[in-house]
1. Provide the FRET efficiency to the nearest 0.05 for the ASP274-ALA138 pair, computing r from the beta carbons and using R0 = 51 Å.
2. Sorting check: for 122-135, 198-211, which peptide has the highest mean count of neighbouring beta carbons within 10 Å, and how do the rest follow?
3. By its C-alpha gyration tensor, with a ≥ b ≥ c as the square roots of the eigenvalues, how is the range 318-395 shaped: rounded for a/c under 1.5, else prolate for a/b larger than b/c, else oblate?
4. Kindly provide log₁₀ I(q)/I(0) values, in the same order as q = 0.07, 0.11 Å⁻¹, from the Debye equation applied to equal alpha-carbon scatterers of the chain.
5. Between ARG196 and ALA399, what is the spin-label point distance in nm, taking each point 7 Å from the Cα along the Cα→C-beta axis?
6. Determine which residues of the range 309-330 fall in the zone a paramagnetic label at LEU260 would reach in this model, i.e. backbone nitrogen under 17 Å from the point 7 Å along Cα→Cβ.
7. Label points 7 Å out from Cα along the Cβ direction at VAL178 and ALA12: separation in nm?
8. Rounded to the nearest Å, what's the spacing between the alpha carbon centres of the range 143-189 and the range 49-98? Just the number, please.
Amino acid sequence: MKLTARPSPPLAGVVRAPGDKSISHRALIIGAMATGVTEIDGLLEGDDILATARAVEAFGATVERLGAGRWRVTGQGGFRQPAGVIDCGNAGTGVRLLMGAAAGYPITVTFDGDASLRKRPMGRVMDPLRDMGAGFDADRLPVVQTGGTLAALDHIQTVASAQVKSAILLAGVNATGVTSVIEPVRSRDHSERMLRAFGAEVAVEASGTGWQIRLQGGQALTGTAVDVPGDPSSAAFPLAAGLMVPGSTVTVEGVMLNPLRTGLFETWIEMGADLTISNRRLAGGEAVGDLTARHSSLTGVVVPPERAAAMIDEYPILAATAALAEGRTVMRGIGEMRVKESDRIALMAAGLAACGVTVEEEPEGFTVTGGPVRGGATVTTHGDHRIAMSHLVLGLAAAEPVTVDEPGMIATSFPGFVELMRGLGADIATTE
Ligand code: S3P
């Protein structure tokens, strides 16, 4: 089965983005490390998160689904020895954060994942965890991890990765001493915020040219309520469609606006997008707002490389919008895109080129030259949800339909994507 997006009439409507994937993973994992009850509202019920929910259950937490997006995790104040393999599916965030969390307990865990996750680099997490005292029998999945007594670590980040930072901090919760992570460029700070919400003290301060995060080991975590805001990385797709399809006005409500996640929205505004934010408020300790995108004539820009961490998952959909913009959009300093769920630089370059777009690929970036888009291609997604959604959105605004393979993978981060887009008037249909 495949999905085909056809040139669509103006899109209109008000929708809610699914719960934030990063916060949903953390709520389940930290809830399971804590003592007592964590009630989660707005949890993303995507496949990645369901894998993490099964994992924390295997580690001894009680996990109950109370209703749509409403989950209760009862933590035992630590992880117990799981009976079987911890299968994280497609989720890099899930496995890396769980490795960090599990490292501080005297348990032996086999971690595994799907074909994509088995190819992704794990050394970036395993090396610092090894330095703290954990053991691993391989450098990629499947891997057997041995946890136990950990020593605190002073770590200087070489890749701007919130997953690596979070894994070290979660291990640091049970380490002896003060664990410190220095990041030259700030990455999303959801772990720091959530550890505080569970009662831990986490210090964050400017340090030289970067930021230092410090956490004293041995602090107790206590269950709490977590309100999960809408995922800006998912909201990006209906909003992009609003910008790209002539005559459209699309509003997405309750979108998280943590400044470490909003690089795409800044970039779109620099490109001339009619993107407005209303009803700014706080939800679950995060800034949120309602975003409205109206069809806009966009102009290509040079995206500052230092913005990469604040929009690393958004370059595929940015590239799709850039395909319709006037002039060149230059995206550099994004080598990390090559080690996501797929090599996203290569797949976006290939997919856009198949749709008639001029793309220049570089080792650590790519440049898209925009204009009217022909479309009329079937795009190989290598099971990558964001590659699929980006090309489907492009197909709504191209001259000819765009088809993607493996549409089932969209449910890893955005269950209900097709229905939501159809509700806005998008012509997306199943094809053979
Ligand atoms: C995430 C961090 C990012 C991002 C991923 C979610 C997180 O990965 O790509 O989808 O929740 O910490 P890196 O930190 O490895 O860049």
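Coordinate-derived values only; no laboratory data. Bear in mind that the values here come from a model prediction, so they are computed numbers and not experimental data. Heads up, the Cβs are rebuilt from the backbone with ideal geometry, glycines too, and the neighbour counts pull from every protein chain shown.
1. It comes out at approximately 0.55.
2. 122-135, 198-211
3. Cα axes put the range 318-395 in the oblate bin.
4. Result of the Debye calculation: -0.32, -0.80.
5. 5.3 nm
6. Output list for this probe position: 309-314.
7. Distance between label points: 5.9 nm.
8. 20 Å
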